[in-house]
Each structure stands twice: as structure tokens, then as C-alpha cells.
Amino acid sequence: MIDGRGLALRAAEILYDKKAVNIIALDVSHMTTITEYMVICNGRNAQQVHSLCDDVEDAFAEAGIPMKKKEGQNEGRWAILDYGQLLVHVFHPEERQYYRLERLWDEGTNRLELPFIHDDEEKPFLP
């Protein structure tokens, strides 16, 4: 079984491959008991939010990684996939800007380095 960090990196990679934008992965294990890691990203529209969730869900199911719960996917505005050690948040751009979830969880030192993000690509979202 993959640990929480591995799950976060794998989810971020799947989202990147499927053209999610502004992807960040955070280690929040020292901040909360609800999860160890969060991946936060956004799609470009409601349809893509839904598709991105499907992509992560399908890849994890194929790998035998059970989901505990999911919320909001049908609306395509802010979806959460709960894998216990990992919460994946997929936002519509407007909701991402409004809620600015990163402000609550990003301490500046708890971001995981995402090896597929390069200097010439879109930078992670900064509120």
C-alpha cells in the first residue's frame, strides 16, 4: 500500500497529466487529525472539475486504493475526494479564488515538491 505522501504525489501527477492547473500538494499531518496530505487544484470549468475527479477516482480504484467518501463532484464547483490519508480538492476557478483554501493549510514549508512542474509552466496558485 502506498503511504499518504505517495498517494498525494500520485494524485497530483494524475491531475497534471489530465491538464489540471495550479496544483499544490501539502503535508498537513502536523496541523489536523482529519488527514495527512491535501492536493488542491482547479479545472478550467465545471466539466473539467468533474472529469478530473473521475480520472483520480478511476486510477486509484484500479490500483486498489479505496475511497472513503466524495462530495460535490456533480456540481463541478468544489469536489472533495477523501482517501483517509489524503484529501483531493478540485475546484472551479471561481470557487478556488473565493475560498483560497491554501491560506488555511499552506505554511510555506509544508508543500511537497512536484517534479513535473517546471519553470516554464504555469506556476502554482498563490492567493
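Quick rundown of the values:
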{"item": "Size of charge dipole - the stretch 1-90 - debye, nearest 20, with Cβ of Lys, Arg +1 and Asp, Glu -1, no other charges", "result": "220"}
{"item": "Overall form of the stretch 1-69 per C-alpha gyration tensor (a/c, 1.5; a/b vs b/c)", "result": "oblate"}
{"item": "Sequence-separation-based contact order of the chain, relative, with Cα cut under 8 Å and 6+ spacing, percent", "result": "29"}
{"item": "Modelled label reach - LEU104, point 7 Å along Cα→Cβ, the stretch 4-35 residues with backbone N closer than 19 Å", "result": "23-35"}
{"item": "Relative contact order of the stretch 1-51, defined on C-alpha pairs under 8 angstrom at six or more residues apart (%)", "result": "33"}
{"item": "Given charges at Cβ of Lys, Arg, Asp, Glu: the chain dipole, positive-most of CYS53, ILE80, PRO66", "result": "ILE80"}
{"item": "Which of SER51, SER29 has the fewest Cβ neighbours within 10 Å, and the rest in rising order", "result": "SER29, SER51"}
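Only the coordinates and a few stated rules stand behind these numbers; no lab work does. Please read these numbers as outputs of a predicted model, since none were measured by experiment. Note that each Cβ is placed from the backbone with ideal geometry, even for glycine, and that neighbours are counted across all protein chains shown.
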